[in-house]
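Asker: Attaching a single structure in structure tokens format; questions to follow.
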Amino acid sequence: MPSTPPEQVPDADAALVHGHQPPSTRVPLSRERIVATAVAFIDAHGLVDLSMRRLGTELGVEAMSLYRYVTGREELLDAVVEHLVTELAQDSEVVREPTHGWQDFTQRLAHGIRRIALAHPNAFPLVASRPGQAPWLRPPLRSLEWVELFLAGLVAEGFTRDGAVAAYRAFTSFLLGHLLLESSQAGADVGPLDVIGDTNADSTAESGAGQDKLAGQHPLLAELRPALSENHAASEFEESLENLLERLQRMR
């Protein structure tokens with residue numbers, strides 16, 4: 001049985017030896033271009049097939065050229081998640097504060113996250129599996145900025161602190177379960193996922209400087225971090241199941 005021929009990787013060294021420009025100089029590399037190409041590759045081929053060598057081939061450079069911008073595949077995957085989250089800020093339908101009530105605010109945010117999942121079903125499972133900006137943040141709403149906006153928006157609409165935290169937990173649980181299932185139905189490989197950051201991590205693990213920075217940039221998150229770190233998985237499952245049964249009863 002004939003073997004599969006190896007992929008053709010541009011040889012920058014040979015190009016220099018023969019007096020030609022190396023491939024990497026034709027279109028300047030940047031971290032943004034590398035990450036965007038990685039997202040496009042995952043969209044087209046899936047996460048499993050992504051490697052630094054294949055990404056280099058897509059960009060027309062040797063894999064070693066990429067390591068000036070990302071230290072390896074793990075950092076690249078984290079950058080892909082950051083890239084996906086930034087799409088939320090670019091969505092014109094998503095608002096950063098509840099100007100027409102908290103229901104409109106949360107619905108717009110939920111649909112914005114779903115549009116990311118629909119646009120990138122193969123990459124979306126990374127949002128669930130890669131470690132967040134803090135161990136007590138829950139995917140898919142996993143950036144400090146967006147969680148602060150979510151909590152502040154609900155508090156501004158009359159939610160108590162505890163009520164806003166409970167809403168955040170319910171909101172993220174609903175979105176994650178639904179969108180991972182939807183991504184799977186679109187053909188994404190959703191398992192096995194990488195281990196999500198330990199949501200029960202001791203808050204003392206964060207340095208004093210890190211806590212001060214959090215309080216300075218995201219004060220509501222700093223205040224509610226202990227509550228956000230609590231584990232209520234069992235009660236949340238039971239509440240979600242009860243809500244589902246109530247919906248089914250109404251359908252009946």
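Every read-out reported here was derived from the displayed coordinates using simple, explicitly stated rules and does not represent laboratory data. Predicted model only: the values in this text are computed from it and were never measured. Cβ sites come from the backbone with ideal geometry, for glycine too, and all protein chains shown count toward neighbours.
Asker: Run the numbers on the range 37-144 and let me know its relative contact order in percent, using alpha-carbon pairs under 8 Å that are six or more apart.
Answerer: Numbers: 86 pairs, mean separation 25.8, N = 108.
Normalised by residue count, the contact order of the range 37-144 is 24 percent.
Asker: Report the local net charge at Val95: Lys and Arg +1, Asp and Glu -1, summed over other residues whose C-beta lies under 10 Å from its C-beta.
Answerer: Numbers: positive: Arg96, Arg108; negative: Asp91, Glu93, Glu97, Asp104.
Overall, the nearby charge balance is -2.
Asker: To continue, here is another question. Using the Karplus curve 6.51 cos²θ - 1.76 cosθ + 1.60 with θ = phi - 60°, what ³J(HN,Hα) values do you get for each residue of the range 159-174, in whole Hz, with x for Gly and Pro?
Answerer: 5, 6, 4, 5, x, 5, 5, 4, 5, 4, 5, 5, 4, 5, 4, 4
Asker: Among 162-168, 97-103, 122-128, how do they line up from the highest to the lowest mean number of other beta-carbon atoms within 10 Å? Write down the numbers at each step before the final one.
Answerer: Details: 162-168: 17.0, 97-103: 12.3, 122-128: 24.1.
The packing order, highest mean first, is 122-128, 162-168, 97-103.
Asker: Let me ask you something else. Residue-wise, which Karplus ³J(HN,Hα) couplings in Hz belong to the range 221-228, taking 6.51 cos²θ - 1.76 cosθ + 1.60, θ = phi - 60°, and x for glycine or proline?
Answerer: 4, 4, 5, 9, 4, x, 5, 5
Asker: For Leu151, what charge total do you get from the other residues with a beta carbon under 14 Å from its beta carbon, if Lys and Arg give +1 and Asp and Glu give -1?
Answerer: Working: positive: Arg96, Arg138, Arg142, Arg161, Arg169, Arg225; negative: Glu97, Glu145, Glu148, Glu157, Asp162, Glu223.
Computed value for this residue: 0.
Asker: Just to be sure I understand the model, the point goes 7 Å from the Cα along the line to the Cβ. What's the resulting Gln103 to Glu223 distance in nm?
Answerer: My value for the distance between the label points is 2.7 nm.
Asker: May I ask for the distance between the Cα centers of the range 109-182 and the range 61-106, given as a whole number of Å?
Answerer: A separation of 13 Å, based on Cα centres.
Asker: Additional query: Give me the number: length gained by fully extending Asp189 to Ala36, i.e. 0.36 nm times residue separation minus the C-alpha to C-alpha distance, one decimal in nm. Don't jump to the answer; show the numbers that get you there.
Answerer: Details: separation 153, 0.36 × 153 = 55.08 nm, distance 2.02 nm.
Roughly 53.1 nm would be gained on extension.
Asker: Once label points are set 7 Å from the Cα along Cα→Cβ at both Tyr69 and Ser92, what is their separation, rounded to one decimal in nm?
Answerer: The modelled label-to-label distance comes out at 2.9 nm.
Asker: Shifting gears a bit: Evaluate the Debye formula for the range 89-183 with equal point scatterers sitting on the alpha carbons, no solvent, and hand back log10 of I(q)/I(0) at q = 0.10, 0.14, 0.17, 0.21 Å⁻¹, in q order, two decimals.
Answerer: Debye intensities relative to I(0), on a log10 scale: -0.24, -0.48, -0.72, -1.10.
Asker: Just subtract the alpha-carbon distance of Ala156 and His83 from 0.36 nm times their residue separation and send over the number in nm, one decimal. Can you show the working numbers first?
Answerer: Details: separation 73, 0.36 × 73 = 26.28 nm, distance 2.88 nm.
Gain on stretching Ala156 to His83: 23.4 nm.
Asker: In what sequence do Thr160, Thr106 fall when counting other Cβ within 10 Å, fewest first?
Answerer: Details: Thr160 10, Thr106 17.
Ascending Cβ contact count within 10 Å gives the list Thr160, Thr106.
Asker: Just flag the trypsin sites (Lys or Arg not before Pro) in the range 64-172 sitting in loop per DSSP whose Cβ has no more than 16 other Cβ atoms within 10 Å. List each step's numbers first, then the result.
Answerer: Working: sites: Arg68, Arg73, Arg96, Arg108, Arg114, Arg115, Arg142, Arg161, Arg169; in loops: Arg96, Arg142.
Answer in residue order: Arg96.
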